[in-house]
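Where a number appears in this text, it was derived from the coordinates with a stated rule and is not lab data. Just so it is clear, the structure is predicted and the values come from calculations on it, not from any experiment. With ideal geometry, Cβ positions are generated from the backbone for all residues, glycine too; neighbour counts draw on all protein chains shown.
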Amino acid sequence: MSILDAQHDLSAFRQAIRDWLAEVVPPDWKARMARASNEEYIAFQRWWMAERSKVGLAIPHWPKEYGGAGLSQRHLIAVADEMARADAPQNRLFTISLIHMPGTLLPHGTEAQKRRYLSGVANGEVWCQGFSEPNSGSDLASLRCRAVRDGDHYVINGQKIWSSNSMYADHCLLLTRTDPNAQKHRGITYFIMDMRSPGVEVRPIRQANGRAEFGELFLTDVRIPAENMIGAENDGWRVAQATLASERGVISFEGGERQRYEIEAFYRNSLKVGAAWLKDAQLHREFVSFLAEMQAARRLLRRVLEESETQGASASVLPSIVKLSSTVLRQRICSFMVRISGMDGQAFALLAEEPFGSPMFDFLSAFSGTIAGGTNEIQRNIVAERGLGMPRV
Amino acid sequence: MVTSAIETTSTPDQATLDALRESVANVLTEQCDSTELHAFVDGKNALDKILWAQAGQLGWLGLGIPEQFGGLGMCSQGLVILHGELGRQSAPGPYIATLSAAQTIVETGDEAMRATWLPRLASGEVSAAVPATLDVSGLTRSGAGVSGAMRCLGAADAALLLAPADDAWVVVDLDGAEVAAASMWDRTRDVFDVRLEDATPVGVLPDSAATRAALTRTLALAVAADSAGGARSITERTIAYMKTREQFGRPIAGFQALKHRAADLATKLAVADEMVRHAVQRTVTGEPDADLWASLAKSEVTEACVFITTDCVQLHGGVGFTWDFDPHIFLKRARLNEVLIMANTALRDQAAAALAAITASGRSALELGL
Ligand SMILES: Cc1cc2nc3c(=O)[nH]c(=O)nc-3n(C[C@H](O)[C@H](O)[C@H](O)COP(=O)(O)OP(=O)(O)OC[C@H]3O[C@@H](n4cnc5c(N)ncnc54)[C@H](O)[C@@H]3O)c2cc1C
């Protein structure tokens, strides 16, 4: 069966997704994952990708010639919304594979690269992003990881950091410096790196929330075939803009929808059990204010999606505004949950079994929103300078 | 309910307090630096035990205990200095519970209780526990026996527990009691769950209301001082990092947006420190508004500290989100501090009630006493 057969009628399409989710999502998956080892979690993520693949929902947003279904934005919203409603697992392991890689290869890849790599994702190929370096974070364009041409290969030496899921990745979207003498944005070249190449060493980094989801990459004389270059030599910065722009879409949308269901379930449960915080007028007021902000944030996320299909979307600062408002809101909501959970909320627990079941874990994890993908301070610079025309000093 | 704080000892002069701060700071910066602290958090050393033994020898644990019971008789001012310095280094150990229980026994215990426990607490031979939150008690009393389950602040090997059981406040000897250490996000603090079955208290405090007020106030001062110290320290560490971390060809400390953030943190810290000092001073001179200001110091300062430590994570960028840097340790301690004693909303309600009572009695609660 393919859910895609129902795509011509949006409500039938939704219903088909709903039926499939009801059948396939294990009701206890959160409880199981709360106690899972890293290996079990990764195996689970791969299983979920395979299940999505079976019904045509692995890469439904890609063009048909590369194995996708060419679904419209409206269909994608429906998929994300149904996933969130069903509290189905997210495909976190495949974020770069599903968003950043096609966002880069579709506009800038060679035909051979698209054929080789795009369809691989439906078969479970994991990608990571090797952009940041220890000394190049906010100032990404200052990156120093060296690539030197050697016949029909490039030889890579350097270090990358904070690369999410790099421990499990098959391929890496790698930014390197090919011309150290050029102005910093002009000497960058973009590669696809096979993570199994000799000379690639990955060390996981432990996060404040207790998990180790990102890693450090040590690259020593790694040989990458020249055909793995995306775009032209020294034109990597322009290509990288496509990667960064791709983050603005459906992932944050789905996050916003998930938060809606989480918070609704939390409130319903609070009413059911007569939670103590409900009797505190101040907390109650704070809570309803969050809801107003949350609805506005969800509407803004829809605007970003609509806008992304229009000309001139790349000049808009709306994605930055949305990132600022929704990540800070997420942090404040999690902080509220920590406060109302009192001492119980301070007990160590790695993963949430229930929505907001481990508020400290969620609170700490919320920093990934305010730091990753360009910190909120950098987003403010973008809004002020690009959006409001304020001078750079 | 308004009770006045009674200090049983005379107040030390400023020079003595400064000397105390310096000596505590010297020991802690040397023995509880970032490296040792991280090793402790990862279970690789027994820093809490090492520091505790030393604290006993150096007299820190008897700072607030009168000399006749083996202490130094430096009252709240000395205690707040110690807690502030412990907070600065995020030092592990059951200081808040032990010193607050001891102080409460000094103030509202009977002679036998003082003579039995204070010398042993002052030397560090034993530690004490208190309820992690005072507004929910899991203990009940039937006849002489105390039963029930409760989450406690303090080391799982604490010798005694000071807690309410129905409307009495009791001291329970924990020898042989069923205790289980709880694992918290803040690994620098000890919390455990206790289950008592018809345990015979070794003492019942004569005045429950005064005991509750004294413990609330002492804990509030301790937690506020710990938070203020922690917030100041992580702010200093963050600013030091910002001065060395370079992006866009210069130290990130040079960006005006970040300078303003740092200046705002410094402002909040200055305010927080004065809140603690005000509450301590009202306590030392035994004012009727002492409890009010202690409750407010705890609620305001712990929330400021959560704000500050959160910002310090953000100002570090990616490294702030790692386990290996300092900010998360301070943030987790700040979040635990925030919920200790009772929710800040409840403490503010208590403060509001105290304010109303003092004002209705025709007095002012707003004297600075300077
Ligand atoms: C959970 C997580 C996942 C990540 N995943 C990936 C990944 O998969 N691949 C990858 O390549 N990278 C990844 N990153 C890295 C991320 O993009 C960087 O952490 C981020 O860009 C910030 O860089 P930095 O950590 O070097 O901080 P820095 O740039 O050193 O910033 C430190 C502080 O200075 C501020 N600052 C810097 N410049 C300015 C300025 N001009 N004006 C005002 N303030 C400024 C920052 O906002 C921050 O508060 C991830 C990060 C996190 C936290």
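Looking only at other chains, what is the average number of their beta-carbon atoms within 10 angstrom of each beta-carbon in B:315-327?
The per-residue average across the peptide is 6.
Write down the Kirkwood hydrodynamic radius of segment A:153-219, to one decimal in angstroms, obtained as one divided by the mean of 1/r over all alpha carbon pairs.
Evaluated over segment A:153-219, this radius sits at 13.0 Å.
So how do A:S341, A:S197 line up by other beta-carbon neighbours within 10 Å, fewest first?
With the fewest neighbours first, A:S341, A:S197 line up as A:S197, A:S341.
D for segment B:118-271, whole µm²/s, Stokes-Einstein with Kirkwood Rh over alpha-carbon pairs at 25 °C and 0.890 mPa s: what number?
Translational D for this selection: 133 µm²/s.
How many percent of the alpha carbon pairs in chain A exceed a separation of 35 Å?
Of the Cα pairs, 28 percent sit more than 35 Å apart.
May I have the count of lysine pairs in chain B with C-alpha atoms under 26 Å apart, counting pairs 8 or more residues apart or located on different chains?
Value for chain B: 10.
Considering the options A:N228, A:L318, B:P201, tell which one lies farthest towards the positive end of the dipole of the protein assembly as shown, charges being +1 on Lys and Arg and -1 on Asp and Glu at the Cβ, about the Cα centre.
Farthest along the dipole direction, towards plus: A:N228.
To make sure I understand, if each residue's beta carbon is the centre and we count other beta carbons within 10 Å, what order do B:D326, A:D179 fall in, fewest to most?
Lowest to highest Cβ neighbour count: A:D179, B:D326.
Setting aside same-chain residues fewer than 8 positions from A:K64, which lysines have a Cα under 26 Å from its Cα?
Cross-link targets: A:K54, A:K114.
Averaged over B:333-342, how many beta carbons belonging to a partner chain fall within 10 Å of each residue's beta carbon?
3
Say each of A:R186 and A:L291 gets a label point 7 Å from the Cα, pointing the same way as Cα to Cβ; how far apart are those two points in nm?
5.7 nm
Nearest 10 degrees is fine. How inclined is helix B:327-339 to the longest principal axis of chain B, computing both from alpha carbons?
30 degrees
Above 23 Å lies some portion of the pair distances; for segment A:4-90, what is it as a whole percent of all C-alpha pairs?
Of all Cα-Cα pairs in segment A:4-90, 25 percent lie more than 23 Å apart.
Which Cα, out of B:T309, B:A253, B:S299, lies furthest along the positive dipole direction of segment B:240-368 (beta carbon charges, K/R +1, D/E -1)?
So the residue we want is B:A253.
Evaluate the charge dipole of segment A:1-42 about its Cα centre and quote only its size in Debye, nearest 20, assuming +1 on the Cβ of each Lys and Arg and -1 on the Cβ of each Asp and Glu.
For this selection, approximately 220 debye.
For segment A:77-116, what does the equivalent ellipsoid look like in terms of its semi-axes, each the square root of 5 times an eigenvalue of the Cα gyration tensor, given largest first in whole Å?
Working from the Cα gyration tensor, I get semi-axes of 27, 10, 7 Å.
With +1 on the Cβ of every Lys and Arg and -1 on the Cβ of every Asp and Glu, and nothing else charged, how large is the dipole of segment A:247-387 about its Cα centre, in debye rounded to the nearest 20?
The dipole magnitude comes to about 320 debye.
Per the Cauchy relation, a quarter of the hull surface: what is the mean projected area of the convex hull of the alpha carbons in chain B, in nm²?
The Cα convex hull of chain B, projected and averaged over all directions, gives 18.4 nm².
With N denoting the number of residues in segment B:209-360, provide Rg(C-alpha) divided by 2.2 N^0.38 Å, to two decimal places.
So the Cα radius of gyration is 1.19 times the expected 2.2 N^0.38 Å.
Two decimals, Cα atoms only, Kirkwood Rh: what is Rg/Rh over the protein assembly as shown?
With Rg and the Kirkwood Rh in hand, the quotient comes to 1.02.
Return A:E40, B:E300 ranked ascending by Cβ neighbour count within 10 Å, so the fewest neighbours appear first.
Least crowded to most crowded, the residues run A:E40, B:E300.
Evaluated at 37 °C with a viscosity of 0.692 mPa s, what Stokes-Einstein diffusion coefficient in µm²/s does segment A:247-387 have when Rh comes from the Kirkwood expression over alpha-carbon pairs?
203 µm²/s
For segment A:184-282, what ratio Rg/Rh do Cα atoms give with a Kirkwood hydrodynamic radius?
1.23
Between the alpha-carbon centers of segment A:1-69 and segment A:249-325, tell me the distance in whole angstrom.
Here the two parts' Cα centres lie 24 Å apart.
Relative to the longest principal Cα axis of chain A, at what angle does helix A:281-308 sit, 0 to 90 degrees, rounded to 10?
40 degrees
Test of understanding: given chain A, find the longest segment containing no trypsin sites (Lys or Arg not before Pro) that are in a DSSP loop and have at most 13 other Cβ atoms within 10 Å.
A:197-391
Roughly how big is segment A:81-172's charge dipole about its Cα centre, with Cβ charges of +1 (Lys, Arg) and -1 (Asp, Glu), in debye to the nearest 20?
Here segment A:81-172 has a charge dipole of around 200 debye.
From the residues B:G70, B:N26, B:P131, which one has its Cα farthest along the dipole of segment B:25-146 in the positive direction, the dipole being from +1 and -1 charges on Cβ of Lys/Arg and Asp/Glu about the Cα centre?
B:P131
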